[in-house]
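Just so you know, all these numbers are worked out from the coordinates, no wet-lab data involved. Everything quoted here is computed from the prediction, not taken from an experiment. Heads up, the Cβs are rebuilt from the backbone with ideal geometry, glycines too, and the neighbour counts pull from every protein chain shown.
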Amino acid sequence: MTPIEPSDSSTSPFHRGEHMAQARMGVRDIEHWARKVVRDHMPEQHRDFHTALPFLVMAARDAQGRPWVTLLEGSAGFVTAPDNKTLSITALPTQGDALHGAIHPKSDIGILGIELATRRRNRINGRAGRVTPTGFDFHVDQTFGNCPQYIRERAWHRVEDSRPGPMSRNQYLTSDQVRWVETADTFFIASGYREEGESPTYGMDASHRGGDRGFVQVLDNRRLRFPDYAGNNHFNTFGNLLLDPKAGFLFVDFESGSLLQLTGTATIDWGSDEVTQVPGARRLVTLEIDEVVETRAAVSLRWTSDADSVRSLRLIEKTRESVDVTSFVFKARDGGPLAGFEPGQHLPIELRVPGIAEPVRRTYSLSNGPNKHRYRITVKREPQGIASQFLHDHLEPGAIINSRRPAGDFAMTCDRCPLVLVSAGVGITPMLSILNKVAGERGNRPVWFIHGARDGQHHPMAGEVHDLASRRPGITTHVAYSQPTSEDEFGMNYDLHGRVDGALLAQLIDDASAHYFLCGPVNFMAEIQADLERRGIPTDQIHTESFGPV
């Protein structure tokens, strides 16, 4: 298959393997908007994020050129960002780790910063600079945020005076390691590619993979396989594997801090009958293991899944909001109060779907205002979405589901700043939560609620937005339909025949102090964010939340 060639390959954020994977999957519009979100530096928010983490996931190669993944950890401040192109990391792989002694000046490095408690993650690819006995400088080539799907929330704590335990090396998985892999809901993968010449698209990549417990299948003690689900369509890992099939896997025992590192050769099943037998899978990846390294208590961190926060919820209302969007309102099964939440946060839920052994875990933005007595999620039905189809087609009032505490850092935390709430499609849901909050405020700080939809039939919650906006002065709404119907033309329930974009925002808002909240498809948010930054809006005044088919 002929790879997609960007109009200017020197500025493309992708190498030829990534273009090949995108072409194979029919992703034709990725190049345009990816240029807007893949950066050659860390925005201030990313610098703050990485320097506040207790650990980083790192991908690199050993002396034999084999990729591995490990965790780097340290006390508060072990990562600093002296400028927007550099991280200074006071940590190195420890004795016994598969990457011990592997970091040298100019080594290709992939860094994943991930905050399991809030599901935030950002990836940075680059090279090592200065290396000392206690750490190294990491120079950025590319950085970008990731969609938070399939991340299991976990809170961390540190064990004082922790020391690494025994380590072992093998060419196969032991029976205990097989059980470890088969019960995992999370692992990390290393891949990379470099050819002659210099390009910021070359190098190592560290990525997260998650699913329901047991989503990784051990075929035998030298082979394992996992399903790959819908993601951001960058296909960084798959682009690397098409050109260099070597890969490294890392499984973490979150209760003990133990690490299980694997390296081997990966093969990709792009669409056989076996793929169709795994619900929600888009591809299957098999790793042929070359070597296994296990280190007990390798890090001093321990994580909990916060089991005490699980609440049973009863569905009390189910309301169709548009042709493909439905709202679900829940109360506590025992009638007690629910954990509070900030407007814009999401609700992690667990569904028992017939035919699937483990609970299906998903997160949906809460669409009601802060409330200790009820949660409302508003869900679009996706053709391949296991959870959304089950919710739409089978969950009825009276049904019981489990949830965890609301979470997420996409939240309206400024109490006085002007707000611009910008959404497209079902991205309207967290904006409704924020609008519910500000509509009840005293005062009249400016608020703009700007939404884009295909037409009136695909415009959920229009009446609710109108009612909330009328509750106090200072709230302005603006609706754009990209394909209005004749019925829409007659009713004139929209303001613009077109799309929401940066030019529209510039026309509507002239307040430099406004904070922008964006939610919708990634390309929609990327284009608007790039335009706002070109206009000089500081990055700390731009907040984004993405979603995907679930």
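At R0 = 41 Å, how high is the FRET efficiency between ASN84 and THR267 if r is their beta carbon distance? Nearest 0.05 is fine.
Working: r = 38 Å, r/R0 = 0.93.
So, using R0 = 41 Å, E works out to roughly 0.60.
Can you list the trypsin sites (Lys or Arg not before Pro) in the stretch 95-188 that are in a DSSP coil and have 13 or fewer other beta carbons within 10 angstrom?
LYS106
For the stretch 419-545, count the residues as N, evaluate 2.2 N^0.38 Å, and divide the Cα radius of gyration by that value, please.
Details: Rg = 14.0 Å, N = 127, 2.2 N^0.38 = 13.9 Å.
This ratio for the stretch 419-545 stands at 1.01.
How far apart, in nm, are the 7 Å Cα→Cβ label points at MET25 and ARG442?
Those two pseudo-labels are separated by 5.1 nm.
If I stretch the segment between ARG471 and THR304 completely, what's the gain in nm (0.36 nm per residue apart, minus their alpha carbon distance), one decimal?
Gain on extension, ARG471 to THR304, equals 55.9 nm.
Can you list, bin by bin at 10 Å, the percent of alpha carbon pairs in the chain, starting at 0?
Spelled out bin by bin, the chain gives 3, 17, 27, 27, 17, 6, 1, 0 percent.
How many angstrom lie between the C-alpha centres of the stretch 403-433 and the stretch 155-214?
Value for the Cα centre distance between the two parts: 33 Å.
Quick check on the stretch 203-332: what does the Kirkwood estimate of hydrodynamic radius come out to from the alpha carbon pairs, in Å?
17.9
Could you tell me which residue out of ALA514, TRP303, VAL292 lies farthest along the dipole of the chain toward its positive end? Charges go on the beta carbon: Lys and Arg +1, Asp and Glu -1, centred on the Cα centre.
Highest projection toward the positive end goes to TRP303.
For the chain, build the charge dipole from Cβ charges (+1 Lys, Arg; -1 Asp, Glu) around the Cα centre, then report which of ALA266, GLY77, ILE316 sits farthest towards its positive end.
ILE316
Roughly what % antiparallel, to the nearest 5, for the DSSP beta bridges in the chain?
Looking only at bridges with both residues in the chain, the antiparallel portion is about 80 percent.
State the extension gain, in nm to one decimal, for the chain segment bounded by THR539 and ARG296, taking 0.36 nm per residue of separation less the distance between their alpha-carbons.
Working: separation 243, 0.36 × 243 = 87.48 nm, distance 4.12 nm.
The span from THR539 to ARG296 would gain 83.4 nm if fully extended.
Give me Rg/Rg_expected for the stretch 373-439, where Rg uses Cα atoms only and Rg_expected = 2.2 N^0.38 Å with N residues.
1.36
Just subtract the alpha-carbon distance of THR319 and GLN217 from 0.36 nm times their residue separation and send over the number in nm, one decimal.
Working it through step by step, the gained length comes to 32.9 nm.
Mind sorting MET431, MET25 by how few other Cβ atoms lie within 10 Å of their own Cβ, fewest first?
MET25, MET431
When the Kirkwood hydrodynamic radius is evaluated over all pairs of different C-alpha atoms of the stretch 9-304, what value in angstrom, to one decimal, is obtained?
19.2
Fewest first, what order do THR174, THR276 take by the number of other Cβ atoms within 10 Å?
By the 10 Å Cβ count, ascending: THR276, THR174.
Got a sec? Which residues in the stretch 150-187 would a label at ALA76 touch, if it sits 7 Å along Cα→Cβ and we count backbone N under 15 Å?
Zone members listed by number: 157-158.
Can you sort THR94, THR363 from fewest to most other Cβ atoms within 10 Å of each residue's own Cβ?
Working: THR94 18, THR363 25.
With the fewest neighbours first, THR94, THR363 line up as THR94, THR363.
Calculated FRET efficiency, VAL131 and GLU195, Cβ-Cβ r, R0 30 Å, to nearest 0.05?
0.80
Using a simple spin-label model with points 7 Å from Cα along the Cα→Cβ vector, what separation in nm is obtained for GLU487 and ALA339?
Here the answer is 4.1 nm between the modelled labels.
Calculate for the chain the 222 nm mean residue ellipticity that helices alone would give, adding -39,500 (n - 2.57) per DSSP H run of length 4 or more and normalising by residue count, nearest 500 deg cm²/dmol.
Theoretical 222 nm ellipticity from helices: -5000 deg cm²/dmol.
With charges only on Cβ, +1 for K and R and -1 for D and E, what is the dipole size of the chain about its Cα centre, in debye, rounded to 20?
It works out to roughly 1060 debye.
Would you mind checking the radius of gyration and Dmax of the stretch 309-403 based on alpha-carbon positions, in Å?
12.6, 36
Cross-link list LYS36/LYS106; LYS36/LYS85; LYS331/LYS380: which exceed 24 angstrom alpha carbon to alpha carbon?
In this structure, LYS36/LYS106 lie more than 24 Å apart at Cα.
Between ASP510 and SER175, what is the label-to-label distance in nm when each label sits 7 Å out along the Cα-to-Cβ direction?
Label at ASP510, label at SER175, 7.7 nm between them.
Trypsin sites (Lys or Arg not before Pro), restricted to the stretch 249-310: which are DSSP loop and have at most 10 other Cβ atoms within 10 Å?
Loop-located and lightly packed - none at all.
Quick one: dipole size for the stretch 216-286, taken about the Cα centre, charges +1 on Lys/Arg Cβ and -1 on Asp/Glu Cβ, in debye to the nearest 20.
Rounded to the nearest 20 debye, it is 140 debye.
Report, please, the projected area of the stretch 383-485 averaged over directions, based on the convex hull of its C-alpha atoms, in nm².
8.8
What's the magnitude of the charge dipole for the stretch 254-405 around its Cα centre, counting Lys and Arg as +1 and Asp and Glu as -1 at the beta-carbon? Answer in Debye, nearest 20. Before the final figure, lay out each step's value.
Working: 20 positive and 20 negative charges, 211 e Å.
Charge dipole, the stretch 254-405, about its Cα centre: 1020 debye, nearest 20.
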